[in-house]
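Please read the structure below before turning to the comments.
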Amino acid sequence: REVPIVFVHGFPDNFHSWSQQMRYFVEMGYRVYSPEIRGYETKNIPDNDLYLLAEVVSDFLAVLEGLGLPKVDAMGHDWGSLIVNLAAKAKPSQFNSIGMFSVAEPRSVDILVFTRVQHQLVRSWYIFCFQLPWFPEIYLSGPYDDYENLNLFVSKWYLQYNPARLESI
């Protein structure tokens, strides 16, 4: 297949979250990639502590360029959807298509939706709180600075969550 597929994970996932989809597309003859997103793995925490969306999108475009991929089909989940969407807007000639999972196209999201649908506002609390410059570090590190809250937060997303597995990556 000429156009490779790039899978971009969301929060609080890592690139392993696409393993079944990647395996399927490899068997179908596609080349597939799934980059690590800035700050999701302990080995790629930026020195400058910049986790702004613009920085992450720039990272993603740099990865595509570094891999020599002139055109890709890109799939994003959650935060990865926003990365894929903004990268495609910034450099449309590099994208054959994009797929966004678990996140609506940003122009279609009206903040009033969150205020009208209370249960969605409650479920989306982390989106707003994690935009604050101090909140994620304080909340996730927990009262003993051992990141126990991070384990609790992630374990609610994954039934098979195992913190030891993350340390082995």
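Being within 17 Å of the chain's Cα centre (by Cα), at pLDDT 90 or above and either part of a helix (DSSP H, G or I) or acidic (Asp, Glu) (or both) holds for only one residue in 74, 88, and it is 88. When you check residue 43 against the structure, is it open to solvent by 70 Å² or more (accessible area, probe 1.4 Å), among the basic types (Lys, Arg) and modelled with pLDDT of 95 or more, yes or no? Judged against the criteria, residue 43 is not a match. Checking each residue in the stretch 130-146 for being modelled with pLDDT under 75 and within 20 Å of the chain's Cα centre (by Cα) picks out 130, 131.
The values are calculated or read from the model by the stated rules, or taken from the named source; none is laboratory data. Quick caveat: nothing in here was measured; it's all calculated off a predicted structure. Just the protein is used for accessible areas: all its heavy atoms, side chains included, with ligands, DNA and RNA removed. Shrake-Rupley method; radii C 1.70, N 1.55, O 1.52, S 1.80 Å.
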